[in-house]
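Have a look at the structure below, then the notes.
Bear in mind that the values in this text are calculations on the coordinates, not laboratory data. Small disclaimer: the values here were computed from a predicted structure and weren't measured. Ideal geometry is used to build each Cβ from the backbone, glycine not excepted, and the neighbour counts take in all protein chains shown.
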Amino acid sequence: MKKILQICCLLIGLTAVSYAQVAHPAVGNAEEKAKGLQRQLTLTGDQTGKIAAIYKESTESFEKIKKAEHGNPDKLTKSGNSLRAATIKRSKEY
């Protein structure tokens, strides 16, 4: 009986670990993010292209910030939040 209980616990644990390893859906390149928004919001091809350009520019800006701040988490959070807010504001225009 003890072995069966241990096997069940092992299977439940492995199942939990496998579900915890799923990648975040928002992670990806600018085109993938724009395509995801296109499906969610039924955007036109033109709107999707503009959103992809905004995301690409935002990603490039964040990479520059990361290099300038040398990976300092406090400064990255502060700069990243302002960049994120500006990106959201620009994307809502379309």
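Let me confirm something: among Thr59, Thr42, which residue is out of contact with any strand residue (DSSP E or B) (no Cβ under 8 Å at 6 or more places or on another chain), of a type in the set (S, T, N, Q) and either on the phi > 0 side of the Ramachandran plot or exposed (fewer than 10 other Cβ atoms within 10 Å of the Cβ) (or both)?
Thr42
Quick one: would you say Leu83 is hydrophobic (A, V, I, L, M, F, W, C) and assigned to a helix (DSSP H, G or I)?
yes
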